[in-house]
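Below: the structure, in structure tokens.
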Amino acid sequence: MDSKDCRFDCGVTTTDRVPAECGIGEMDIPGSLTLRMQHIGDYDLIHVAVDGLYREAVLADLPIAALPLLIHYLDDPEEVPFDQQRALIYIPLEGASSACPPSICGGS
């Protein structure tokens, strides 16, 4: 695949409004029931964990929502060794409620 065909959304949390310049905009992520796992290791290998989590969801016959997955990178890869980098992977599920308990929905 040509690198010009690869795209992703990258988000940050801010308390200030960001001007809609250079493709920067606001996006609300709806609350929902999620399948969650923690990845520990090289961020370049996180796709293996994502594939495994999707595989487990399919094998468990869980209803995957038509929403993008969310990866919350917890560490700065320039400051944390590859084998200690942490990220949380969330796969949204169908029929979810934003009032779902954090222990089930993957909240903190």
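Just a few scattered comments:
- Residues satisfying the stated conditions in region 34-59, i.e. in contact with a helix residue (DSSP H, G or I) (Cβ under 7 Å, 6 or more places away or on another chain) and among the hydroxyl-bearing types (Ser, Thr, Tyr): Thr34
- Evaluation of Leu45 against the conditions (1) among the aliphatic types (A, V, I, L, M); (2) without any contact (Cβ under 8 Å) to a residue 12 or more places away in the chain; (3) outside any helix (DSSP H, G or I) shows that the sole unmet condition is (3).
- Of the residues examined, Cys6 is not one that is modelled with pLDDT under 75 and surrounded by 10 or more Cβ atoms within 10 Å (Cβ to Cβ).
- Qualifying residue in region 16-29 (condition: of a type outside the set (Asp, Glu), touching a strand residue (DSSP E or B) at 6+ places or on another chain (Cβ under 8 Å) and closer than 19 Å to Ala87 by Cβ): yes
- Residue that is nearest to Glu94 (Cα to Cα) [pool: residues in region 38-48 that are out of contact with any Lys or Arg (no Cβ under 9 Å at 6 or more places or on another chain) and buried (at least 16 other Cβ atoms within 10 Å of the Cβ)]: Ile46
- Residue in region 83-90 that is in contact with a Ser or Thr (Cβ under 6 Å, 6 or more places away or on another chain), at pLDDT 90 or above and either hydrophobic (A, V, I, L, M, F, W, C) or not in a loop (DSSP other than H, G, I, E, B) (or both) present: yes
The values are calculated or read from the model by the stated rules, or taken from the named source; none is laboratory data. Note that the coordinates shown come from a computational prediction; the quantities given were computed from them, not determined experimentally. Glycine gets a Cβ as well: all are built from the backbone with ideal geometry, and neighbour counts include every protein chain shown.
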